[in-house]
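Structure, as structure tokens:
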Amino acid sequence: MTDIDLRRLRYFTVLAETLHFGRAAQLLHISQPGLSAEIRRLEKQLGVTLFSRTPRTTLTHEGEALLAEAEAVLAGADRFAAASAALSTGQAGVVTIGATASVLEHGLLEAVARLAGEARELRILVEEMSSAEAVAALRSGGVDLACGNAAADGPDVTSTRLTAAPFALVVPTGASAALRDGAPDTLAHCAGVPFAVFRRSASPRFHDTVRALCTEAGFDPQFTYLSRTWRSALDAVAAGLCVSVAPLPIAEARAESDPRVRIAHVVDSPLTAESWISRRADTSSQLFDRVEQAVIDVFR
């Protein structure tokens, strides 16, 4: 096989995210026919079909299997370019962090900004990924620190808890055809109601916790919309398609900024939404120590 064009891999990942040739072409600043031609060239080179085109654009089984690999290749290329740029300008150190969207939005970016102001010689590279992806990248050396919703298990890593928050039931504010009897007021009234939840492959911890909360409330949930981020899960709620159970800080931020959703109630349970920072146990670095402590300080 000839070398894979990184540009085509990027086209593949953007189309996989949007599942719409027109929107993907706009994001990539190329024509829609040009994007379609490049995807077909990539499929021919790989010898597999990445997307089903009809009746709508979806990833094939092969596309699903190769997406994570493509994202890892592109992330590695970005880290290589950033690290080489840092070295060429004489910057003292580079630290890479893999983090979930929820950690990014609720403290990590603030910590990175603070460090950027305090240490101009330090370059911090942040990549958004799922908790499982972040831990895998940590173990493989793809990132130096991993921030996600669960501690990384095993003697080869060490983890520190950043936060713990209750979950909240988030429902649409307006009338919804999907919720024929109206939006439920408590989790116990959600039996038979369509739910938006994390894909288990993206976040086993969140997926299993939401299922456990529903079991505590006395029913088996009807998971209708599976997402990779809380943002897309709550987008489905805002569209009136379902309800969701999200960490309270995320639910509050969305309800404050989006009148289409509201918090029905805070779930009373010992099961909480946690965030953790992890690093490899065999790393001894003052640079890593400094960045890790800065993140811990911001969250606490």
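Each reported figure results from applying straightforward, stated rules to the coordinates on display, with no laboratory input. The model shown is predicted, which means the values in this text are computed figures rather than measured ones. Backbone-built Cβ (ideal geometry, glycine too); neighbour counts: all protein chains shown.
Assuming R0 = 30 Å, can you tell me the calculated FRET efficiency for the pair Leu46 and Arg231, based on Cβ-Cβ distance, to the nearest 0.05? Calculated transfer efficiency: 0.50. For the listed peptides 230-238, 173-181, 275-283, a ranking on the average number of other beta carbons within 10 Å per residue, highest first, reads 230-238, 275-283, 173-181. Set Lys and Arg Cβ to +1 and Asp and Glu Cβ to -1, take the dipole of the range 226-300 about its Cα centre, and tell me which of Ile296, Pro247, Leu226 lies farthest positive. It is Leu226.
When you filter the trypsin sites (Lys or Arg not before Pro) in the range 107-172 for DSSP loop state and at most 16 other Cβ atoms inside 10 Å of their Cβ, you are left with Arg120. Helical content of the chain, expressed as a calculated mean residue ellipticity at 222 nm, amounts to -13500 deg cm²/dmol (DSSP H runs of 4 or more residues, -39,500 (n - 2.57) each, divided by residue number, nearest 500). Legend: calculated FRET efficiency, Arg290 to Gln26, from the Cβ-Cβ distance at R0 = 45 Å, rounded to 0.05, equals 0.65.
Among 262-274, 191-203, the peptide with the highest mean count of other Cβ atoms within 10 Å heads the list, and the full ranking is 191-203, 262-274. Here is the list for the range 2-65: trypsin sites (Lys or Arg not before Pro) lying in DSSP coil, each with at most 14 other C-beta atoms within 10 angstrom of its C-beta, are Arg53, Arg56.
Considering only Thr18, Thr158, Thr215, the Gaussian network model of the chain with Cα springs below 10 Å gives its largest mean-square fluctuation to Thr18. When the charge dipole of the chain is built from unit charges on Cβ atoms (+1 for Lys and Arg, -1 for Asp and Glu) and taken about the Cα centre, the candidate among Thr283, Ala151, Ile30 whose Cα reaches farthest toward its positive end is Ile30.
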